[in-house]
Amino acid sequence: MTETEQELIEALRQHDRQAQRQVLEHYGPEVFALVARLLTSREDAEEAYQDVFVKAFQGIGRYDEQRSSFRTWLSRLAYHEAIDRLRRKRQSMVYYDDCYADGLSDEETAETLGQPNGETVQLIRTALQHLPPEERAIITMFYYEERSLKEIAYITESLPTTVASRLSRTRKKLCRIIKMLQS
């Protein structure tokens, strides 16, 4: 953590409005992107975004810089806020079943997902909508936000090995969905 970040955290702990504005400007777009990828409506994403920062500013005393970066801590709050909203709504969506991803090799998955071009990127975006929110979150944090397995594990309250396993399984699932979309 840089000295500037430490000063910002300390100012937040003193409920400094300028520090809150700085946090919103610096971390706001990333937090909004995360909740927007998980929630289906922009209105829900905007409400979740606001609630994340209210919780962050009120709960700043619980932030422990020894356990994670401030960015990762905010992402954890955002992830849980979005997942909680989805659970409360109990949206009745049909997601792609795990059993269809069985038997797909890692090589076949890498071949389908490995060479990004305009068409592939669009297919991946479409395919992501067929995944449950938790799987969509892991994919977006790993690929879009370039987070480490350790960071994702902290955010989702899992073990890094569990995240790696879920990531592998979800990549295979995405590959199958893309193949179905292409046919």
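Against the definition (of a type in the set (S, T, N, Q), touching a residue at least 24 places away in the same chain (Cβ under 8 Å) and farther than 12 Å from TYR27 by Cα), how does SER41 come out, yes or no? Give the steps one after another, and end with the answer.
Working: of a type in the set (S, T, N, Q): yes; touching a residue at least 24 places away in the same chain (Cβ under 8 Å): no; farther than 12 Å from TYR27 by Cα: yes.
Against the criterion (of a type in the set (S, T, N, Q), touching a residue at least 24 places away in the same chain (Cβ under 8 Å) and farther than 12 Å from TYR27 by Cα), SER41 does not qualify.
Identify the single condition in (1) open to solvent by 50 Å² or more (accessible area, probe 1.4 Å); (2) modelled with pLDDT of 95 or more that PHE53 does not satisfy, given that it satisfies every other one.
Condition (1) is where PHE53 drops out.
Scan region 1-40 residue by residue and report those that are among the polar types (S, T, N, Q) and surrounded by 11 or more Cβ atoms within 10 Å (Cβ to Cβ). Lay out the reasoning, then the answer.
The first filter runs over region 1-40 and keeps only residues among the polar types (S, T, N, Q), leaving 2, 4, 6, 14, 18, 20, 22, 40.
If the condition is that a residue be among the polar types (S, T, N, Q) and surrounded by 11 or more Cβ atoms within 10 Å (Cβ to Cβ), then GLN6, GLN20, GLN22, THR40 are the ones that fit.
Can you find a residue that is modelled with pLDDT of 90 or more, under 19 Å from the mean Cα position of the chain (by Cα) and over 18 Å from ARG76 (Cβ atoms) anywhere in region 29-43?
Restricting attention to region 29-43, the residues satisfying the condition of being modelled with pLDDT of 90 or more are 29-36, 42-43.
Next, only the ones that are under 19 Å from the mean Cα position of the chain (by Cα) stay: 29-36, 42-43.
Retained after the next criterion (residues that are over 18 Å from ARG76 (Cβ atoms)): 42-43.
Yes, region 29-43 has at least one match.
Among the residues of region 135-156, which ones are touching a Lys or Arg at 6+ places or on another chain (Cβ under 8 Å) and open to solvent by 60 Å² or more (accessible area, probe 1.4 Å)?
Correct list: TYR144 only.
Exactly one condition in (1) in a loop (DSSP other than H, G, I, E, B); (2) at pLDDT 90 or above; (3) touching a Ser or Thr at 6+ places or on another chain (Cβ under 8 Å) is not met by GLN91; state its number.
(2)
So GLU25 clears everything in (1) modelled with pLDDT of 80 or more; (2) part of a loop (DSSP other than H, G, I, E, B) except one condition, right? Which one?
Result: GLU25 fails condition (2) only.
How many residues, within region 122-134, are of a type in the set (Ser, Thr, Tyr) and open to solvent by less than 50 Å² (accessible area, probe 1.4 Å)? Write out each step before concluding.
We begin by selecting, within region 122-134, every residue of a type in the set (Ser, Thr, Tyr); these are 126.
With the extra rule that they be open to solvent by less than 50 Å² (accessible area, probe 1.4 Å), the set shrinks to none.
Within region 122-134, residues that are of a type in the set (Ser, Thr, Tyr) and open to solvent by less than 50 Å² (accessible area, probe 1.4 Å) number 0.
The values are calculated or read from the model by the stated rules, or taken from the named source; none is laboratory data. Every value quoted in this text rests on a predicted model; they were computed, and no experiment measured them. Virtual Cβ from ideal backbone geometry, glycine too; neighbours counted across all protein chains shown. The area values use the complete protein model at the heavy-atom level, side chains included, leaving out ligands, DNA and RNA. Shrake-Rupley method; radii C 1.70, N 1.55, O 1.52, S 1.80 Å.
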